[in-house]
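Asker: Here's a structure for you.
The values are calculated or read from the model by the stated rules, or taken from the named source; none is laboratory data. In this text the structure is predicted, and so the values were computed from the model without any measurement. With ideal geometry, Cβ positions are generated from the backbone for all residues, glycine too; neighbour counts draw on all protein chains shown. These accessible areas exclude ligands, DNA and RNA; they are computed on the full protein's heavy atoms, side chains included. Shrake-Rupley method; radii C 1.70, N 1.55, O 1.52, S 1.80 Å.
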Amino acid sequence: MSSVFHSLRWRLQLWHGAILLVAVLAFCLTAYRLAWNSQLRHIDGSLFEAGRSLGRGLMHATRGPGETAETAPEQIAQLLRAGRIPLPAELAERFRGTEPGYSYFSLYDADGHQLLHSENFPAATRPVHAGRALEETIRTVGTRREVVSGGPPKLATILGRDITPELESMRRFGWSLGALGLGVWALGLVGGWWLAGRAIKPIAAISGTASRIAGGNLSERIDTDGTDSELDQLGHVLNETFDRLHEVLEQQKQFTADASHELRTPVTILISETQRILKRDRTPEEYREAMQTCHDTAERMRRLIEALLLLSRQDAVGRGGPREACDLAPILREVVAQLAPLAERGGLRLETDLAPATCRANPAALAILASNLVGNAIQHHHAAGGVVTVACGATPGGVAFSVRDDGPGIAAEDQPHIFRRFYRADQARTGSSGHTGLGLAIAKAIADNHGGTISVQSQTGAGTCFTVALPGQPG
Amino acid sequence: MRLLVVEDDPLLLRSLAATLREEDYAVDTAADGAEGLFKAQQNTYDAILLDVMMPKLDGWAVLARLRPACRTPVLMLTARDAVPDRIKGLDSGADDYLTKPFDGDELLARLRALIRRAAGRTSPRLDLGDLAIDTAARRVHRAGVEITLTAREYSLLEYLALHRGEVVTRTELYDHLFDEDDSTFSNLLDVHVSNLRKKLGHDLIVTRRGHGYCIE
């Protein structure tokens, strides 16, 4: 991996870490918020309670000795404005001090004059104007929480308390929550790293095996554990690819081996002849003869090379050329016409019995196939006056054509082998007579590529018949 | 020296035979294993060149049937160059193995070595007194001076020299100096012997009347 950002494992880890962080943060913030709200409700509850005790205290203070009825709020207000209520002792007791958690109050009239207040009333507090219609509001000022309310008509109250202890405890809570969240996140990261490693490990194994295979050991294959997981499927696909690669390379090797083997003898002839001729001065006739030999040999090599290339093309992935709908009859007619001069030279008659036979095939390949078979039939004749019959037609399974001759036939022990490359039954001479030994191998390759079959019926002395069957038009 | 070349490719057979004849060998040819085996059993050759892949009988089969009765040195020629094939060839009784394509001069040198070994010699030079015969260059020197001989004369001298001490019958000489296509009169042999005596001295070749010739 060239950088952290390229590694799958690291990227998984990064994403996992980010998502987990967001989740943990959200959780922590929510928890903190909830805890703070709960604290505030608690504080506000105590503030209202303080307000009630303030009211009670005022009522006690304004009640005269012997009176049992409670003073009405309007009366309290009047008395307050008249300045006739001193700060009662119990209120002074309740609302004093500056230790954390102290409470205080202040009462105002409509014009904002302070009528009564606790000693510890913070000077920095904003006054209120009782003239405006005041709803009860709670506000936080610095480290204090205050209730501002409009009490009896034209009377405003500020009631507050210091919430430093609560703030302290929230801060402590916040830190613990933060630490816990971090711990959970770290744990999650570690777990994620381990999990990612486990998932990625098979990839490393596959990658290693594939490198070895690509490096040359083409018989090795990736282990698949049969669980049909995604990585397993990847392994299967790669194995199939390697199978195909191996097959192709083996075919290439085979071709190269065949080519070099078969070309050895012609090359030997060229070397032998030219070396011999060059040893001393020769007559023009001798030179001519040697040249002719070299030329014939070179021609032979050319035919061999072309046949080998044709064969290798049939082996190749393209499977021998594009297909189209074609009719066997005109193709065979053409082949017969082309080979007629050759037949004539050998004193043979070419006869045809062609019925329409349409199939899906590559016409050029079929022409080569037919030409090989007819050419063979003509070449293998020993006696003049023979007949070679070419027939074609439709069959229940598709189409078929046959090439029959009344030549010397093929021995039973040779028949299973004749389609092999370079197989030569005894009667066949070496390539100097025009045979490459590949004609039937090419014919078979073409027939196979079209999904068809090629077969031979023959008896020694009773002629030979080659039959090619091809599947018909699909559908 | 008389050689048999067994090779199924007609062009190569022709070329090899021509090359060898130009080197003054008498050459018989066979185009398949069966014909080759027949000729090898019928005639005595100084060496046999045997192709491996042939119709009717392949080279190994010919060798198997030839040995152990026939001790003629055999040089196998083949397109099969894999080590197992070489081993098989040599173990089947071949004396040497050349893969195609081969260099013509190498073929000739190996043939000479085979023939020399079969005669029990280790060096291409044969010394008869002050006569030095170089079988590789096919030249004869007496006391450093070269003596010119015709091809037939040289072949005759070489054969007798290689079988020095043995009496070589006329039949044997016919067999080894002329190939099947040679229609010669038996007198020709005497003419060559006579010419050799003129050029090299009368003491060299001894006539054993009724038996043959000998170089002692």
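Asker: Examine region A:130-144 for a residue that is under 20 Å from residue A:53 (Cβ atoms), crowded, with 18+ Cβ neighbours inside 10 Å and either modelled with pLDDT of 70 or more or touching a Ser or Thr at 6+ places or on another chain (Cβ under 7 Å) (or both), and state whether such a residue exists.
Answerer: First pass over region A:130-144, keeping only residues under 20 Å from residue A:53 (Cβ atoms): A:136, A:138, A:144.
Adding the requirement that they be crowded, with 18+ Cβ neighbours inside 10 Å leaves A:144.
In the following step, the residues that additionally are either modelled with pLDDT of 70 or more or touching a Ser or Thr at 6+ places or on another chain (Cβ under 7 Å) (or both) were identified as A:144.
Checked region A:130-144: at least one residue is under 20 Å from residue A:53 (Cβ atoms), crowded, with 18+ Cβ neighbours inside 10 Å and either modelled with pLDDT of 70 or more or touching a Ser or Thr at 6+ places or on another chain (Cβ under 7 Å) (or both).
Asker: Right, another one. Search region A:158-190 for residues being charged (D, E, K, R) and open to solvent by 50 Å² or more (accessible area, probe 1.4 Å), and hand back the single one that is nearest to residue A:104 (Cα to Cα). Spell out the reasoning first.
Answerer: Of region A:158-190, the ones charged (D, E, K, R) are A:161-162, A:166, A:168, A:171-172.
From what's left, open to solvent by 50 Å² or more (accessible area, probe 1.4 Å): A:168, A:171-172.
Values: A:168: 20, A:171: 24, A:172: 26 Å.
Only one residue tops the list, namely A:168.
Asker: Select from region B:90-101 the residues that are open to solvent by less than 60 Å² (accessible area, probe 1.4 Å), more than 15 Å from residue B:65 (Cα to Cα) and within 19 Å of the chain's Cα centre (by Cα) and list them in ascending order.
Answerer: B:96, B:97, B:98 - these are the residues of region B:90-101 that are open to solvent by less than 60 Å² (accessible area, probe 1.4 Å), more than 15 Å from residue B:65 (Cα to Cα) and within 19 Å of the chain's Cα centre (by Cα).
Asker: Wholly within region B:1-112, which helices (runs of 4 or more DSSP H) include no fewer than the required count, namely at least 2 residues that are within 12 Å of another protein chain (Cβ to nearest Cβ) and more than 27 Å from residue B:173 (Cβ to Cβ)? If you could, list the steps in order and put the result at the bottom.
Answerer: Numbers: elements: B:10-22, B:33-42, B:59-66, B:83-91.
Here the list reads B:10-22, B:33-42.
Asker: Turning to a different aspect of this structure: On the given criteria, is residue A:299 surrounded by fewer than 20 Cβ atoms within 10 Å (Cβ to Cβ), modelled with pLDDT of 90 or more and more than 23 Å from residue A:448 (Cβ to Cβ)?
Answerer: On the way: surrounded by fewer than 20 Cβ atoms within 10 Å (Cβ to Cβ): yes; modelled with pLDDT of 90 or more: yes; more than 23 Å from residue A:448 (Cβ to Cβ): yes.
Judged against the criteria, residue A:299 is a match.
Asker: Suppose the filter is within 13 Å of chain B (Cβ to nearest Cβ), open to solvent by 90 Å² or more (accessible area, probe 1.4 Å) and part of a helix (DSSP H, G or I); does residue A:252 pass it? Spell out how you get there, then give the answer.
Answerer: Values: within 13 Å of chain B (Cβ to nearest Cβ): no; open to solvent by 90 Å² or more (accessible area, probe 1.4 Å): yes; part of a helix (DSSP H, G or I): yes.
Answer is no for this residue.
Asker: From the list B:113, B:69, B:47, exactly one residue is farther than 17 Å from residue B:29 by Cβ and in contact with a strand residue (DSSP E or B) (Cβ under 9 Å, 6 or more places away or on another chain). Which is it? Step through it out loud before you land on a result.
Answerer: Values: B:69 fails: in contact with a strand residue (DSSP E or B) (Cβ under 9 Å, 6 or more places away or on another chain); B:47 fails: farther than 17 Å from residue B:29 by Cβ.
So the residue among B:113, B:69, B:47 that is farther than 17 Å from residue B:29 by Cβ and in contact with a strand residue (DSSP E or B) (Cβ under 9 Å, 6 or more places away or on another chain) is B:113.
Asker: Determine, yes or no, whether residue A:331 is among the β-branched types (Val, Ile, Thr), open to solvent by 30 Å² or more (accessible area, probe 1.4 Å) and on the phi < 0 side of the Ramachandran plot.
Answerer: Details: among the β-branched types (Val, Ile, Thr): yes; open to solvent by 30 Å² or more (accessible area, probe 1.4 Å): no; on the phi < 0 side of the Ramachandran plot: yes.
Considered against the rule, which asks whether it is among the β-branched types (Val, Ile, Thr), open to solvent by 30 Å² or more (accessible area, probe 1.4 Å) and on the phi < 0 side of the Ramachandran plot, residue A:331 comes out as no.
Asker: Which condition does residue A:212 not pass, out of (1) closer than 30 Å to residue A:6 by Cβ; (2) modelled with pLDDT under 85; (3) among the basic types (Lys, Arg), if it passes all the others?
Answerer: Only one criterion is unmet by residue A:212, namely (2).
Asker: Return yes when residue A:73 is surrounded by 14 or more Cβ atoms within 10 Å (Cβ to Cβ) and modelled with pLDDT of 70 or more and no when it is not. Steps first, please.
Answerer: Values: surrounded by 14 or more Cβ atoms within 10 Å (Cβ to Cβ): yes; modelled with pLDDT of 70 or more: no.
No.
Asker: Can you name the condition, by its number, that residue A:255 falls short on among (1) in contact (Cβ under 8 Å) with a residue 60 or more places away in the chain; (2) among the aromatic types (Phe, Trp, Tyr); (3) over 30 Å from residue A:438 (Cα atoms)?
Answerer: The failed condition is (3).
Asker: Here is a list of conditions, (1) within 15 Å of the chain's Cα centre (by Cα); (2) outside any helix (DSSP H, G or I); (3) farther than 20 Å from residue B:18 by Cα, and residue B:116 meets all of them except one; can you say which number that is?
Answerer: The one condition residue B:116 does not meet is (2).
Asker: Specify the residue that is farthest from the other protein chains (Cβ to nearest Cβ); the eligible residues are those in region A:255-264 that are surrounded by 13 or more Cβ atoms within 10 Å (Cβ to Cβ) and modelled with pLDDT under 85. Give the derivation first.
Answerer: The initial filter retains those residues of region A:255-264 that are surrounded by 13 or more Cβ atoms within 10 Å (Cβ to Cβ), namely A:255, A:258-259, A:261-264.
From what is left, the residues that are modelled with pLDDT under 85 are A:255, A:258-259, A:261-262.
Values: A:255: 16, A:258: 11, A:259: 12, A:261: 6, A:262: 8 Å.
Filtering region A:255-264 for residues that are surrounded by 13 or more Cβ atoms within 10 Å (Cβ to Cβ) and modelled with pLDDT under 85, the one farthest from the other protein chains (Cβ to nearest Cβ) comes out as A:255.
Asker: Give just the number: which of (1) of a type outside the set (Ser, Thr, Tyr); (2) touching a Leu at 6+ places or on another chain (Cβ under 9 Å); (3) open to solvent by 30 Å² or more (accessible area, probe 1.4 Å); (4) within 28 Å of residue A:260 (Cα to Cα) does residue B:87 not satisfy?
Answerer: (2)
Asker: Determine, yes or no, whether residue B:57 is closer than 23 Å to residue B:13 by Cα, open to solvent by 20 Å² or more (accessible area, probe 1.4 Å) and of a type in the set (A, V, I, L, M). So that I can check it myself, show each step before the final result.
Answerer: On the way: closer than 23 Å to residue B:13 by Cα: yes; open to solvent by 20 Å² or more (accessible area, probe 1.4 Å): yes; of a type in the set (A, V, I, L, M): yes.
Considered against the rule, which asks whether it is closer than 23 Å to residue B:13 by Cα, open to solvent by 20 Å² or more (accessible area, probe 1.4 Å) and of a type in the set (A, V, I, L, M), residue B:57 comes out as yes.
Asker: Residues A:289, A:285, A:273: which one is within 11 Å of another protein chain (Cβ to nearest Cβ) and open to solvent by 70 Å² or more (accessible area, probe 1.4 Å)?
Answerer: Values: A:285 fails: within 11 Å of another protein chain (Cβ to nearest Cβ); A:273 fails: open to solvent by 70 Å² or more (accessible area, probe 1.4 Å).
So the residue among A:289, A:285, A:273 that is within 11 Å of another protein chain (Cβ to nearest Cβ) and open to solvent by 70 Å² or more (accessible area, probe 1.4 Å) is A:289.
Asker: Just checking, how many residues over region A:345-363 are at pLDDT 85 or above and open to solvent by 60 Å² or more (accessible area, probe 1.4 Å)?
Answerer: 7
Asker: Pull out all pairs, ordered by first then second residue, where Cβ-Cβ is under 8 Å, the residues are six or more apart or on different chains, the first lies in region A:414-428 and is more than 8 Å from chain B (Cβ to nearest Cβ) and under 16 Å from residue A:456 (Cα atoms), and the second is open to solvent by 70 Å² or more (accessible area, probe 1.4 Å) and at pLDDT 85 or above.
Answerer: Close Cβ pairs satisfying both conditions: A:419/A:444.
Asker: Sort out which residues of region B:148-207 are surrounded by 13 or more Cβ atoms within 10 Å (Cβ to Cβ), in contact (Cβ under 8 Å) with a residue 24 or more places away in the chain and among the charged types (D, E, K, R), and write them in order of number.
Answerer: B:152, B:153, B:158, B:164, B:166, B:170, B:172, B:175, B:179, B:180, B:199
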